[in-house]
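Before any comments, here is the structure.
The values are calculated or read from the model by the stated rules, or taken from the named source; none is laboratory data. None of these values were measured; they are calculated from a predicted model. Cβ: placed from backbone, ideal geometry, glycine included. Neighbour counts: every protein chain shown.
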Amino acid sequence: MSKIKTFDNQNRLPKLPVPKLDETTSRYLRTLLPLLSAEDFARNEAYVKDFLKPGGLGNLLQQRLIDLDRGSPYNWLDDNFWTQKAYQEWRVPLIVNSNWYLLFIDDKNTPKEYLSKNNNGVPPRGEFSEFQVKRAAHLIWKIENLSPEATRAHPLCMHQYRRCYGVTRIPQHGSDSFFYAPHPFPGKTVLIIAKAQFYLIEVYDQNGQILSEGDIEKQLNDIIKDLRNMNTELDLPVGVLTADDRDKWTVAREHLLTLSPQNRETLNKIEDSLFAISLDDYATGLDLDLWTRNILHGFNGHNRWFDKAMSIIVESNGRAAMNGEHSPCDALIPSNIADYTLKDSTLLSAKLSGRPIPPPERIRFVTNNQTKSFIREAENRIKPIIEDSDTVMLHYYEYGADFIKRTGKSSPDAYIQMVLQLAYYKLHRKVCATYETGSTRKYKHGRTETIRTLSVESKAFVEGMVNDSLSAQEKYNLLQTATKAHSAYTYDASDGRGCDRHLLGLRLSLKGDESHPLFSDPAFAKSQEWLLSTSGLSAGDRFNGSGFGCVYPDGYGINYQPGNYVLKFGIESKKSSTQTDSNSFRESVKNALKEMSDICEKVNGRYVKQQKI
C-alpha cells in the first residue's frame, strides 16, 4: 500500500464537531413523534425542557463533552467512546451478530461449467480446484494500493484503511482490544486457511515489491500439495474458537497461551498477517442464499479466523467473497478495497517473476484434551446461532437507480429507505425505529452517525400508500416529501449533526449517581430499538450482494446496493422469531418496489431505459 498516496489528505480534515445541545434535543424529539402517543411525547418534551434549563444537567454534560473534545487528538467520539461501547464490550459471538459479508461478482475467466446449475466440473467435496487457486492468487495480488477518496465537496478520512490491514481483534475479559501491525507494515504475510489448517505465505520480496500472481499461485499450490500429502490427522479446528462468545474465547485463548510458547508464536503470526484467505474445499453452487450463508458463518464456523479485519473466502468453483470484523472499520472501507481488487480478471497463465519465493510456512497450535473440550463447546454454542439465522438475497431487475433518479425524481438511497418502510408497514401493520448508517468520514477519524429513517413524513407516506382514497399524485407527493426529509437528515448526520452519537456521549458523561429521566424514560430505548437495521453500499456493480445480522431478535438486518439497473438486498432475521420472516420480507420489498414505481410512472410518464452509446 502506498502510504503517501493514500493518506495525503489526512491533515486537511477537520475534527468532528460537538453538536449544539438544543439542536440535538430538538432533532431527537422530532424523531419521537411517529413512535409515541401524545401523552408520552408531552412527557419527553418536558424532560428535554428540564434538561436544557440554565445550570441544568444537560449543560453540565455538554461542557464535559467540550472539555473531552479539547483533549482528544482526533475525535471526541472515536478517541473515547465509540469502538469500545459499540463493539468491544459486546460479548456475543462475532459470527452472524457482528461480522458482515460481501459477495463478489464471478470472475470473467471462471470456467463456464463451474457456474452451471449442476456444478459440472467442480471437484468433489474435499478437493480444491486449479481455478480456485488462481483466483485466490489474483485477489491477493490486487489488494495493494488505493487512491484518496473524496466526495464532490470534501476529501474523506482514510484512517479506517489502516484498520483493514494487519488488524486483529483480541478477546479479553469484559472488553476486547485490537492488535495493529505497525504502519507501514513490517510483516509481508497473508494468512491462508484450508481444511481448518493455517499457513503463511510471503507476498512481498525483500525490497518491498509485491510478488507476481504466478509467485503467489505457486505458494498456494504448495499448500494444496502439503494438505494432500499429509499422513497424519489434521490439527484441531482452532479457528472455530473465534466464533464463540467473547469471554469464552478469552478463556480458551489464555489456555492456549499457557499451554506452550509455540502457541504465542502462532497467534502472533496470525495477528501480524495482512489479512486472511480461506480456501473452502466445497462449493455452494448458484444458490445465492446458500452462498450468502457460507460467507456469513461457514455453516460450522470452521476454516475461518473471524477476528481478522478482512477475510476473503474462495470456494472450489472460484466464487469469492469477503467476511469482515466490524469493530476496526465500517464495511464501506473494505468494500472499496474489494471494488478496486475486482476491476481486473484472473490471469489463467500467470508467470513466475524469477525472484526467490520462500515456501509457505505451516503454523500450528499445541493442543490437549482441554482444547478439544473448548472447541466442542464452541461448536455447540454457535450451532444454534447458525441454525437460527434466516439469510436471503434479493436481486431486483425491474429497475434501479437510473429509474429512481429520472422517473422517481428522488435520491436512490432515500427512495430505497422508503421502500423498506413500506415493505415493513405492509407486512407488520406498524412502523418501527429504523437505523441507517451515515458516514462522517469528512472528519478526521470519523466513522458513522445514525440516520433515523422513521419520521413524521415517512409515516405519512406509508399510511398514504395503503389509503385507496388517495390518488397516484397524492401518494407521489407524500413520497417526495418523505424522501426530501430523509435526504435532509442524511446531510445533517454526515455533517456530524445527528442526535444518537451526541446523546450517547452525553449519557456516558454522567458521573456517580447523576441521572436524568430523558435517558431513563422508555421512549429513549424505544427510539433505538432498531427493528430495521439498514445500510447501503455503492452501486455494487462488482458485487453480488452484502449483508449482516439483525440487531434485535424480532427485527431485520438489511444491506442494499442500488445499481443503475438492478437493486440488490441482503436480508437477515431470526427463524426463532414469531414476528419476522426473511422470505416474506423479501416478497414485501418486491411488492413495495412495484407499487412505488407504478405511482412514479403514473405521475411522470413511462420509464424508458437509456441505451448505452
>> I'm trying to understand the selection: among the residues of region 434-458, which are within 13 Å of Cys499 (Cα to Cα) and among the hydrophobic types (A, V, I, L, M, F, W, C)?
In response: Ile451
> If you take the residues of region 493-523 that are among the basic types (Lys, Arg) and over 23 Å from the mean Cα position of the chain (by Cα), which of them is farthest from Leu35 (Cα to Cα)?
Replying inline: Lys511
> Looking at this structure, is Ala378 at pLDDT 95 or above, of a type in the set (Gly, Ala, Ser) and outside the structural domain of Ala592 (by TED's automatic domain parsing)?
Replying inline: yes
>> Considering only region 85-93, I want to know if a residue exists there that is in contact with a strand residue (DSSP E or B) (Cβ under 8 Å, 6 or more places away or on another chain) and not assigned by TED's automatic domain parsing to the domain that holds Asn336.
In response: yes
> Would you say Glu474 is within 19 Å of Val431 (Cα to Cα), assigned by TED's automatic domain parsing to the domain that holds Cys432 and in a helix (DSSP H, G or I)?
Replying inline: no
> Does region 252-263 include one or more residues that are assigned by TED's automatic domain parsing to the domain that holds Lys308, more than 24 Å from Met310 (Cβ to Cβ), among the hydrophobic types (A, V, I, L, M, F, W, C) and modelled with pLDDT of 95 or more?
Replying inline: yes
>> Suppose the filter is surrounded by fewer than 22 Cβ atoms within 10 Å (Cβ to Cβ), of a type in the set (S, T, N, Q) and at pLDDT 95 or above; does Thr483 pass it?
In response: no
> Filtering region 496-537 down to residues that are hydrophobic (A, V, I, L, M, F, W, C) and out of contact with any Phe, Trp or Tyr (no Cβ under 7 Å at 6 or more places or on another chain), which residue is modelled with the lowest pLDDT?
Replying inline: Leu537
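Yes/no matrix, rows are residues, columns are (1) in the same structural domain as Glu202 (by TED's automatic domain parsing); (2) modelled with pLDDT of 95 or more; (3) not acidic (Asp, Glu):
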{"position": "Asp247", "(1), (2), (3)": "yes, yes, no"}
{"position": "Asn268", "(1), (2), (3)": "yes, yes, yes"}
{"position": "Asp272", "(1), (2), (3)": "yes, no, no"}
{"position": "Leu296", "(1), (2), (3)": "yes, yes, yes"}
{"position": "Lys308", "(1), (2), (3)": "yes, yes, yes"}
{"position": "Ile333", "(1), (2), (3)": "yes, no, yes"}
{"position": "Ser345", "(1), (2), (3)": "yes, no, yes"}
> Considering only residues of region 51-70 that are of a type in the set (D, E, K, R) and touching a residue at least 40 places away in the same chain (Cβ under 8 Å), which is farthest from Pro517 (Cα to Cα)?
Replying inline: Asp69
>> Suppose the filter is hydrophobic (A, V, I, L, M, F, W, C), without any contact (Cβ under 8 Å) to a residue 24 or more places away in the chain and over 28 Å from Leu103 (Cα atoms); does Leu257 pass it?
In response: yes
>> For region 86-104, give me each residue that is surrounded by 16 or more Cβ atoms within 10 Å (Cβ to Cβ) and more than 20 Å from Cys164 (Cβ to Cβ).
In response: Trp90, Arg91, Pro93, Val96, Asn97
>> Just to be sure I understand the filter: pairs with C-beta atoms under 9 Å, separated by 6 or more residues or on different chains, first member in region 515-529 and closer than 12 Å to Leu504 by Cα and assigned by TED's automatic domain parsing to the domain that holds Tyr435, second member in a loop (DSSP other than H, G, I, E, B) and of a type outside the set (Asp, Glu). Which pairs pass?
In response: Phe519/Leu510; Gln528/Ala433
> What is the residue count in region 204-226 for residues that are modelled with pLDDT of 90 or more and either surrounded by fewer than 18 Cβ atoms within 10 Å (Cβ to Cβ) or of a type in the set (Lys, Arg) (or both)?
Replying inline: 5
> If Tyr607 passes every condition in (1) within 24 Å of the chain's Cα centre (by Cα); (2) in contact (Cβ under 8 Å) with a residue 40 or more places away in the chain but one, which one does it miss?
Replying inline: (1)
> In this structure, does Val551 turn out to be touching a helix residue (DSSP H, G or I) at 6+ places or on another chain (Cβ under 8 Å), in the same structural domain as Leu567 (by TED's automatic domain parsing) and of a type in the set (A, V, I, L, M, F, W, C)?
Replying inline: no
> In this structure, does Lys442 turn out to be in the same structural domain as Cys600 (by TED's automatic domain parsing), basic (Lys, Arg), surrounded by fewer than 22 Cβ atoms within 10 Å (Cβ to Cβ) and modelled with pLDDT of 95 or more?
Replying inline: no
> Conditions: (1) in contact with a helix residue (DSSP H, G or I) (Cβ under 8 Å, 6 or more places away or on another chain); (2) buried (at least 19 other Cβ atoms within 10 Å of the Cβ); (3) modelled with pLDDT of 95 or more. Gln172 meets all but one. Number of the miss?
Replying inline: (2)
>> Just to check your reading of the model, which residue among Leu286, Leu279, Leu342, Leu274 is within 19 Å of Gly547 (Cβ to Cβ) and under 22 Å from the mean Cα position of the chain (by Cα)?
In response: Leu342
> Of the conditions (1) in contact with an Asp or Glu (Cβ under 8 Å, 6 or more places away or on another chain); (2) within 28 Å of Leu506 (Cα to Cα), Val96 fails just one. Which one is it?
Replying inline: (2)
>> Kindly evaluate Gly324 against the criterion of being closer than 20 Å to Trp100 by Cα, in contact with a Pro (Cβ under 8 Å, 6 or more places away or on another chain) and in the same structural domain as Ala136 (by TED's automatic domain parsing).
In response: yes
>> Can you tell me how many residues within region 197-234 are outside any helix (DSSP H, G or I) and over 31 Å from the mean Cα position of the chain (by Cα)?
In response: 9
>> Which count do you get for residues in region 473-521 that are closer than 18 Å to Arg447 by Cα and basic (Lys, Arg)?
In response: 2
> Are there any pairs with C-beta distances below 9 angstrom linking a residue in region 447-465 that is farther than 30 Å from Ser327 by Cα to a residue that is among the acidic types (Asp, Glu) and part of a helix (DSSP H, G or I), with the two at least 6 apart or on different chains, and if so which?
Replying inline: Gly464/Glu474; Met465/Glu595
